[in-house]
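K.L.:
Below is one structure. I have some questions about it.
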Amino acid sequence: MSAADPITGFREALTAAGLGAPPEIIPDGKIHRFRADNEKSGSNAWYVFHQDPPAAGAFGNWRTGETGTWCARAGGTLDPDERRRLEAHIRQARQAQESDRRQRHEAAARRALDIWQHAKPADQAHPYLLRKGIQPHGTRQTGAGLLLVPVTLDGRIISVQTINAAGDKLFLSGGRTAGGYYRLPDAPHHEPLLIGEGFATVASLTEETSAAGIVAFNAGNLVAVAKAMRERHPAAEIIVAGDNDRHTEGNPGATQAQAAARAVGGKVLIPEFDPDEPGTDWNDWLLQRRAPGAGGHHGE
């Protein structure tokens, strides 16, 4: 089917990769974005498709970093000229993807900086901060009351995370988060370096320990941030404060925290909860052990 109808074959490849398929496959050799089946918002999926023989394409998801390629004929049936054309198509697709990603990241970084510059210092009475029992630590908020946590890399803002009063979190569309972090500017001490996933987790631990807090934003980013900190601070003690995702298969919070600590010769801290206790992170753990009535929203 795919050899006789390349567009149908390519569409099937996208579906098999878990992306679904865009409304239309445009065979112009340019990069096209669409929303993947498992995405709630945005247009993180992409494809490039060439229809000239051998019909071939590439595809992927910017959010997950997954990529793939497809050809209408198996590689063994291609003659040398066709193989060279296929390799050129794939090379061009990858170059187009990287160029488009850089443009999206740069545009998002400009938007993030503008949002940050027009925001005001976060109110200590922001509902999220009150519920989590933490201080603002240099964060800001918009006129609409969204708490802003900047994502930084190499000394500049590359994106922002917004947190509303209910605790819902979003990153700026098109912005880069991989490798990005937020270092709390008001930690009493420069060491040890304490790396955690969420802002509330890191803020609460910094307030408890006076350690230099660094927000990695998600479990999958812990290794990259830990390595960046080790490169900047070769002799520093690094502690990775992981979440205890005990109800999630593979416990990604603890697993990624352990991997990050191993990668930099650091220590790892994982909160332990009683079987009947809710919560997954250190903010949950601390709130549950404070004076009665402190309360707490579970899950960073």
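The values are calculated or read from the model by the stated rules, or taken from the named source; none is laboratory data. Note that the structure is a prediction, hence the values are computed from the model and not measured. FYI the Cβ positions are ideal-geometry reconstructions off the backbone, even for glycines, and counts take in every protein chain you see. What goes into the accessible areas is simple: the full protein's heavy atoms, side chains included, and nothing from ligands, DNA or RNA. Shrake-Rupley method; radii C 1.70, N 1.55, O 1.52, S 1.80 Å.
K.L.:
What's the number of the condition TRP62 fails, among (1) modelled with pLDDT under 85; (2) under 31 Å from the mean Cα position of the chain (by Cα); (3) farther than 30 Å from THR152 by Cβ?
P.N.:
Status for TRP62: all satisfied but (3).
K.L.:
Taking the condition buried (at least 18 other Cβ atoms within 10 Å of the Cβ), closer than 30 Å to PHE199 by Cβ, touching a helix residue (DSSP H, G or I) at 6+ places or on another chain (Cβ under 7 Å) and in contact (Cβ under 8 Å) with a residue 24 or more places away in the chain, does TRP70 pass?
P.N.:
Numbers: buried (at least 18 other Cβ atoms within 10 Å of the Cβ): yes; closer than 30 Å to PHE199 by Cβ: no; touching a helix residue (DSSP H, G or I) at 6+ places or on another chain (Cβ under 7 Å): yes; in contact (Cβ under 8 Å) with a residue 24 or more places away in the chain: yes.
No; evaluated as a whole, the condition is false for this residue.
K.L.:
Do you know which residues across region 189-218 are crowded, with 22+ Cβ neighbours inside 10 Å, touching a residue at least 60 places away in the same chain (Cβ under 8 Å) and assigned to a helix (DSSP H, G or I)?
P.N.:
Result: PHE199, ALA200, THR201, ALA203, SER204, LEU205, THR206.
K.L.:
While we're on this one: Here is a check on your reading of the model: is ILE157 modelled with pLDDT of 95 or more, in a loop (DSSP other than H, G, I, E, B) and β-branched (Val, Ile, Thr)? Walk me through how you get there before you give the answer.
P.N.:
On the way: modelled with pLDDT of 95 or more: yes; in a loop (DSSP other than H, G, I, E, B): no; β-branched (Val, Ile, Thr): yes.
No, not satisfied.
The rows are residues; the columns are (1) among the charged types (D, E, K, R); (2) part of a helix (DSSP H, G or I).
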position	(1), (2)
GLY220	no, yes
VAL225	no, yes
GLU231	yes, yes
ASP243	yes, no
ARG246	yes, no
GLN258	no, yes
ALA261	no, yes
PRO271	no, no
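K.L.:
Follow-up question, since we're still on this one. Restrict the check to region 162-181 and report whether at least one residue is open to solvent by less than 10 Å² (accessible area, probe 1.4 Å), β-branched (Val, Ile, Thr) and touching a residue at least 60 places away in the same chain (Cβ under 8 Å).
P.N.:
no
K.L.:
Would you point out the residue of region 45-62, among those that are of a type outside the set (A, V, I, L, M, F, W, C) and in contact with a Cys (Cβ under 9 Å, 6 or more places away or on another chain), that is surrounded by the most Cβ atoms within 10 Å (Cβ to Cβ)? Working first, answer last.
P.N.:
First, the residues of region 45-62 that are of a type outside the set (A, V, I, L, M, F, W, C): 47, 50-54, 57, 60-61.
So of that shortlist, the ones also in contact with a Cys (Cβ under 9 Å, 6 or more places away or on another chain) come out as 54, 57.
Values: PRO54: 22, GLY57: 27.
Here the residue is GLY57.
K.L.:
Do we have GLN124 as out of contact with any Pro (no Cβ under 8 Å at 6 or more places or on another chain), of a type in the set (S, T, N, Q), open to solvent by 30 Å² or more (accessible area, probe 1.4 Å) and under 18 Å from ALA165 (Cβ atoms) here?
P.N.:
no
K.L.:
Still on this structure, please answer the following. Kindly evaluate HIS137 against the criterion of being closer than 22 Å to GLY60 by Cβ and either outside any helix (DSSP H, G or I) or open to solvent by 20 Å² or more (accessible area, probe 1.4 Å) (or both).
P.N.:
no
K.L.:
Also, quick follow-up: Collect the residues in region 151-161 that are free of Cβ contacts under 8 Å to residues at least 40 places away in the same chain and open to solvent by 50 Å² or more (accessible area, probe 1.4 Å), keeping them in residue-number order.
P.N.:
First, pick out the residues of region 151-161 that are free of Cβ contacts under 8 Å to residues at least 40 places away in the same chain: 152-155.
Across region 151-161, the qualifying residues are ASP154, GLY155.
K.L.:
Among (1) of a type outside the set (D, E, K, R); (2) in contact with a strand residue (DSSP E or B) (Cβ under 7 Å, 6 or more places away or on another chain); (3) farther than 22 Å from THR139 by Cβ, which single condition is THR206 missing?
P.N.:
The failed condition is (3).
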